[in-house]
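Written out below as structure tokens is the structure these notes cover.
The values are calculated or read from the model by the stated rules, or taken from the named source; none is laboratory data. Worth saying up front: this structure is predicted, and the values here are computed from it rather than measured. Methodologically, a virtual Cβ is constructed for each residue, glycine included, from the backbone with ideal geometry; neighbour enumeration extends over all protein chains shown.
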Amino acid sequence: MNRLMNPSRTRATVVFSALMMMFAVLFSSLPATTANAADATATPAPIGQLLIKGTLKNNNEPVAGVEMHITGDAFDGKATSGEDGKWQIEVPKKGTYKVEINLETLPEGVGLRDADKSVREVDLNITSTAAVLFPLGKDMRVVQPFGEQVVIRAFAGLNLGLLLALAAIGISLIFGTTGLNNFAHGEMVTFGALLTWLLHAQLGLDLIVAAVITIALSAGFGWLQDASLWKPLRKRRLGLNQMMIVSIGFSIVLRYLMLIFFEGDTKVLSGEFSPVEIGPIDTTVTSLISMGISVVALAAVAYFLTRTRLGKAARAVSDNASLAAATGIDVERIIRIIWVVAGALTGLAGILYGLQFQANWLTGFAILLLLFASVTLGGLGTALGATVGAMIIGFVVEMSSLFMPTDLKYAASLIILIVVLLVRPQGVLGKKQRIG
Amino acid sequence: MDWLSIFNLALGELISPITAVFVMCAIGLSVHFGYTGLLNFGQAAFAAVGAYGMAISILTFKVPLLGAVAIGLVASAVFALILGIPTLRLRADYLAIVTIATSEVFRYLMTTIGFAPVTGGSNGLSQFGAEFWAMNPIPVGEYALGPFSYRHDQLFIIILAWLLVAVCAVLVWLLMRSPWGRVLKGIREDEDAVRSLGKNVFAYKIQALILGGLFASLGGMVFVLNLSNVQPQSWGTTITFMIWTVLLLGGAATVLGPIVGGMVFFVLLSLTQGIMSGLVDAGLLPFLTAPQVGQIRFLLIGLALMLLVIFRPQGIFGNKKELQFNG
Amino acid sequence: MANTENQISVGPAAPGCKKVDPILIASGVRRQFGGLTAVDVAHVEIPRGKITALIGPNGAGKTTFFNLLTGFDKPNEGSWTFDGKELAGVSSYKVARLGMIRTFQLTKALSLLTVIENMRLGAQEQPGESFLRAFIRPLWSRREAQITETADELLKRFKLDAKREDYAAALSGGQRKLLEMARALMSNPKLVMLDEPMAGVNPALTQSLLDHIKQLKTNGTSVLFVEHDMHMVRHISDWVIVMAEGKVVAEGPPADVMKDQAVIDAYLGAHANTDLGDVEIGGQKETN
């Protein structure tokens, strides 16, 4: 419970404003670079003009003559992609618009990589331009046999599950050691993705260099969050539910900071798609490498937790913090390390997610509930549980589209979560709690 | 910068129907969280269920308005049962995660193309308000109210919205000084203790969840009648956390807290918007563009939520001794 | 085992022995956590109208057994009856309504309710606790007045009347224990189950707590309490049940139990040669 006369109050305030300052410093270089970038890639929108735009490319070749149909709020307009693959349309007022790509106008043999996403929604309520991307690839409109579809979906599920696992382990480790349900975790995913975009796509750094810097800064970001916000709050003995709501406020702050500095359009982290075919599966080199990296990272986490002194200490803190402290473990140090590890892993998840699916300021927030579902499904606070939960959620999300409309695939995974809680409240791998 | 119009605009928020809607949702949340200790992160969905329940009844099933309102309220109660039965026996943070998940599921269901013939999909529904506006007893015309002037239909919905706020507040006031309210407060403090005294804690939690949800559903109906349409994207989690901010601003376990909190919240929001926009127009904030001002407002909401919870969990007007948050 | 004649058990006292007039009978109650068996009680009976102490070293399963009996935890198997009614599988609040009220080891005073509201919450049959009737004051105001009267009497008896309007959070640890006990009596229970009523209470208050427990018996209420403090057990209880490693290892009148070799082995270990009554004084916990 909160004690208002706590002497650390002023210190917390100081630390907090310091945190905000650091954010300001961190982001202060951005507006200039993004402005340059805008010059380089597209005509900047004059103030007051509302634009929806995009570029169509297949295998890095622009695709011309494709018709886009934009509707919304009594508006109805069409745009056609030019020789450079670009299209844009001005809309009269703020609101939500629907952009539909006319599949008939695509060249022979070219189709959407996400066959079910021929209609996209754009929110022009808080930004003045919105980019809509339709990744193109081999025409998937040919109906495949059910068996092949299952294989394709399972592969996609594995891919998504691995990405979710990377980010969910962070949530799980933090929950395990501190009891905090961190709602600001999604923004760490966004942070990783957008930072890589900035370093690689904008500043032209080599992807690997950009990724390494991003992971390092993500780890630092994790440390910074703990040192400047969560540790002072633990010292104040703020209740866990209070901390959870603080993390919600923090996630809103971070989200809108990213919107302000990165703007609302969707960023392409890398245009490289190099398609690969494995049996019926149509994937890319990027996805395969991403999956490889995820597996290696997950194995490293497993090794860290089960084989190293530090990892064992972290698990001891998860089990019983006061007992761990009594046996001489420096609990605060463990928590700090967990935040750094969680930051790095989540940043990595952001990079891999962004490379495959693009990213914008809402990317992390959009998958936050899937992350919570993963962690809760597996049993709150166990890293292995989070991994298993993430794999289940990944498969449910992708496989569900075999049986139900794809715009309900996230809903499917959340319904699974609710059903599991009904029959097995402690999660798939969780232990029953001892009462009294 | 036109200070007068900025202040007038902000003052107008005091009695705007949108403020009343958020106040109703916050009163509902005070029943959930302030009095019973339930961490409901899906309050926006309760409002949405009421709004859609009413709109769909009118448009698809041609039910008269009052019947449609009743159906919306029943739908909200059913939603509370679906939400509560699996989770109210679990730890508080599970309820938080499941409520936020369920509210998103509801939004996906309202957006999906498959149900679009009934729900209108992402475009939502409109044209359901005719009977409501026909009920307006106020003669057509313009009415002056202090510095403001309202059309008869605006005046109608303002009066109706605040009447509903008054009804909700009086109900909460009556209930919270009754033995029923005492049991709820006991549950907030320690549900095992209350159980050991022979109270069916689960039943009380369900009742509280339903009651608070009904208030939010009423709010949702007023919201969509005022706007003349109901769209799925109006009910995202951001709205839920705005409701939380309103509640925590005023004080979670007080009858007047949500009302004062809602008024302060929207007046401040309008003031920051007005002042910052004015500064941007005057070229005094060269690093900001006009749309960014709107974005900063949301950032400030997040910041306010954090600072409130850390430094004043009992709210600006709440009793320090009866502050919230267990665990 | 030195069995003397007593008026409580049928025949000589022995683990699981039958009682002349039992109020609570448990058979085959077993609770496992993972691979660990926390409670494995073959048979035990609690006498009516007496003060029974349930003692045992840390981890003996006393509190878990308490939780099982009162419906706060579910056993893997087992059955028990209270006053002739089968209780296995009955939820905790129904157990309480039957007249078996418990308190908790870590006091559960409802901090942000006033002392008098805490007390009122303990009462049964208040129609105003139903949602619809809560709106109509005349339906519940008379019962509320009766409840308040009972509450005030109890507060006076427990010397908490001066604190009537204070938030429970403002009470000392010992006062909260008193409040919790007084609150448990609001419903006039048949059996009061106290989980370590002396833990964390300052020695000055201990005597008054003991007196209150003795007074319960005088008023005809049966008492079962969990305790570490042997000193207190000897002076106020009529019957002692000893648990170790989840099982009942001994029971009988306090004087006999304390001479029992099984108790000395299982419970007291290092202090075997000390006078049992002096092993611990004034609410300090067993540390071995």
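Filter the range A:229-242 down to the residues that are more than 8 Å from chain B (Cβ to nearest Cβ) and either among the aromatic types (Phe, Trp, Tyr) or crowded, with 20+ Cβ neighbours inside 10 Å (or both) and list them by number. Spell out the reasoning first.
Of the range A:229-242, the ones more than 8 Å from chain B (Cβ to nearest Cβ) are A:229-232, A:234-235, A:237.
Those that are more than 8 Å from chain B (Cβ to nearest Cβ) and either among the aromatic types (Phe, Trp, Tyr) or crowded, with 20+ Cβ neighbours inside 10 Å (or both): A:LEU229, A:TRP230, A:PRO232.
Report, by residue number, each residue of the range B:109-119 that is in contact with a helix residue (DSSP H, G or I) (Cβ under 6 Å, 6 or more places away or on another chain) and either surrounded by fewer than 20 Cβ atoms within 10 Å (Cβ to Cβ) or more than 10 Å from chain A (Cβ to nearest Cβ) (or both). Talk me through it step by step, then tell me what you get.
Filtering the range B:109-119 for residues in contact with a helix residue (DSSP H, G or I) (Cβ under 6 Å, 6 or more places away or on another chain) gives B:110-113, B:118-119.
Correct list: B:MET110, B:THR112, B:ILE113, B:VAL118, B:THR119.
Hey, any hits in the range A:161-178 for a residue that's buried (at least 20 other Cβ atoms within 10 Å of the Cβ), away from every other protein chain (no Cβ under 14 Å), farther than 29 Å from B:ALA96 by Cα and under 16 Å from the mean Cα position of the chain (by Cα)? Explain how you work it out, then say what you get.
Initially, the range A:161-178 is screened for residues buried (at least 20 other Cβ atoms within 10 Å of the Cβ), giving A:161-178.
Narrowing further to those that are away from every other protein chain (no Cβ under 14 Å): A:161-167, A:169-170, A:173, A:177.
Those left that are additionally farther than 29 Å from B:ALA96 by Cα: none.
Looking for residues that are buried (at least 20 other Cβ atoms within 10 Å of the Cβ), away from every other protein chain (no Cβ under 14 Å), farther than 29 Å from B:ALA96 by Cα and under 16 Å from the mean Cα position of the chain (by Cα), one finds none in the range A:161-178, hence no.
With respect to C:LEU132, determine if the residue is of a type outside the set (Asp, Glu), free of Cβ contacts under 8 Å to residues at least 60 places away in the same chain and exposed (fewer than 14 other Cβ atoms within 10 Å of the Cβ).
Numbers: of a type outside the set (Asp, Glu): yes; free of Cβ contacts under 8 Å to residues at least 60 places away in the same chain: yes; exposed (fewer than 14 other Cβ atoms within 10 Å of the Cβ): yes.
So C:LEU132 fits the description; yes.
B:GLN207 - would you say it is among the polar types (S, T, N, Q), more than 11 Å from chain C (Cβ to nearest Cβ) and in a helix (DSSP H, G or I)?
On the way: among the polar types (S, T, N, Q): yes; more than 11 Å from chain C (Cβ to nearest Cβ): no; in a helix (DSSP H, G or I): yes.
Against the criterion (among the polar types (S, T, N, Q), more than 11 Å from chain C (Cβ to nearest Cβ) and in a helix (DSSP H, G or I)), B:GLN207 does not qualify.
Could you look through the range B:238-254, keep only residues that are among the β-branched types (Val, Ile, Thr) and either in a helix (DSSP H, G or I) or without any contact (Cβ under 8 Å) to a residue 12 or more places away in the chain (or both), and pick out the one that is surrounded by the most Cβ atoms within 10 Å (Cβ to Cβ)? It would help to see each step written out before you state the result.
Quick first cut of the range B:238-254, residues among the β-branched types (Val, Ile, Thr) only: B:238-240, B:243, B:245-246, B:254.
Pick out the ones that are also either in a helix (DSSP H, G or I) or without any contact (Cβ under 8 Å) to a residue 12 or more places away in the chain (or both) and you get B:238-240, B:243, B:245-246.
On the way: B:THR238: 15, B:ILE239: 22, B:THR240: 25, B:ILE243: 31, B:THR245: 27, B:VAL246: 29.
The qualifying residue surrounded by the most Cβ atoms within 10 Å (Cβ to Cβ) is B:ILE243.
Quick check on my filter: what residues within the range A:372-397 are within 15 Å of A:ALA154 (Cα to Cα) and surrounded by 24 or more Cβ atoms within 10 Å (Cβ to Cβ)?
Within the range A:372-397, A:ALA390, A:ILE393, A:GLY394, A:VAL397 qualify.
State yes or no: is B:ALA48 surrounded by fewer than 24 Cβ atoms within 10 Å (Cβ to Cβ) and either part of a helix (DSSP H, G or I) or out of contact with any helix residue (DSSP H, G or I) (no Cβ under 6 Å at 6 or more places or on another chain) (or both)? Before the answer, list the steps.
On the way: surrounded by fewer than 24 Cβ atoms within 10 Å (Cβ to Cβ): no; either part of a helix (DSSP H, G or I) or out of contact with any helix residue (DSSP H, G or I) (no Cβ under 6 Å at 6 or more places or on another chain) (or both): yes.
For B:ALA48, the condition - surrounded by fewer than 24 Cβ atoms within 10 Å (Cβ to Cβ) and either part of a helix (DSSP H, G or I) or out of contact with any helix residue (DSSP H, G or I) (no Cβ under 6 Å at 6 or more places or on another chain) (or both) - is not met.
Only residues that are part of a strand (DSSP E or B), closer than 14 Å to A:PHE134 by Cα and touching a residue at least 40 places away in the same chain (Cβ under 8 Å): list them for the range A:50-67, please. Even if it seems obvious, please write down each step before you answer.
First, the residues of the range A:50-67 that are part of a strand (DSSP E or B): A:50-55, A:57-58, A:61-62, A:67.
Retained after the next criterion (residues that are closer than 14 Å to A:PHE134 by Cα): A:52-55, A:57-58, A:61-62, A:67.
Scanning the range A:50-67 gives A:ILE52, A:LYS53, A:GLY54, A:THR55, A:LYS57, A:ASN58.
Restricting to strands (runs of 3 or more DSSP E) lying wholly in the range C:48-126: which have 1 or more residues that are within 7 Å of chain B (Cβ to nearest Cβ), touching a residue at least 60 places away in the same chain (Cβ under 8 Å) and under 18 Å from the mean Cα position of the chain (by Cα)? Write out each step before concluding.
On the way: elements: C:51-55, C:77-82, C:100-102.
Correct list: C:100-102.
Would you tally the residues in the range A:83-104 being surrounded by 15 or more Cβ atoms within 10 Å (Cβ to Cβ) and either at pLDDT below 80 or not in a strand (DSSP E or B) (or both)?
Residues that pass the stated criteria total 4.
Within the group B:ILE97, B:ILE18, B:ILE56, which residue is in a helix (DSSP H, G or I) and either within 29 Å of C:PHE131 (Cα to Cα) or at pLDDT below 90 (or both)? Quick ask: steps written out before the conclusion?
Details: B:ILE18 fails: either within 29 Å of C:PHE131 (Cα to Cα) or at pLDDT below 90 (or both); B:ILE56 fails: either within 29 Å of C:PHE131 (Cα to Cα) or at pLDDT below 90 (or both).
It is B:ILE97.
What do you reckon, is A:PHE372 within 10 Å of another protein chain (Cβ to nearest Cβ) and either more than 30 Å from C:ASP195 (Cβ to Cβ) or modelled with pLDDT under 90 (or both)?
Working: within 10 Å of another protein chain (Cβ to nearest Cβ): yes; either more than 30 Å from C:ASP195 (Cβ to Cβ) or modelled with pLDDT under 90 (or both): yes.
Here the answer is yes, as A:PHE372 does meet what is asked.
Looking at the structure I just gave you, is B:ILE100 surrounded by fewer than 17 Cβ atoms within 10 Å (Cβ to Cβ) and either touching a Pro at 6+ places or on another chain (Cβ under 8 Å) or closer than 30 Å to C:LEU112 by Cα (or both)?
Numbers: surrounded by fewer than 17 Cβ atoms within 10 Å (Cβ to Cβ): no; either touching a Pro at 6+ places or on another chain (Cβ under 8 Å) or closer than 30 Å to C:LEU112 by Cα (or both): yes.
No.
Just to check your reading of the model, which residue among B:ASN123, B:ASN136 is modelled with pLDDT under 95 and within 9 Å of another protein chain (Cβ to nearest Cβ)? Working first, answer last.
Working: B:ASN136 fails: within 9 Å of another protein chain (Cβ to nearest Cβ).
The match here is B:ASN123.
Return the only residue of B:GLN273, B:GLN233 being within 17 Å of the chain's Cα centre (by Cα), in a helix (DSSP H, G or I), surrounded by fewer than 20 Cβ atoms within 10 Å (Cβ to Cβ) and modelled with pLDDT under 90. Walk me through it before giving the result.
On the way: B:GLN273 fails: within 17 Å of the chain's Cα centre (by Cα).
Within the list B:GLN273, B:GLN233, the selection yields B:GLN233.
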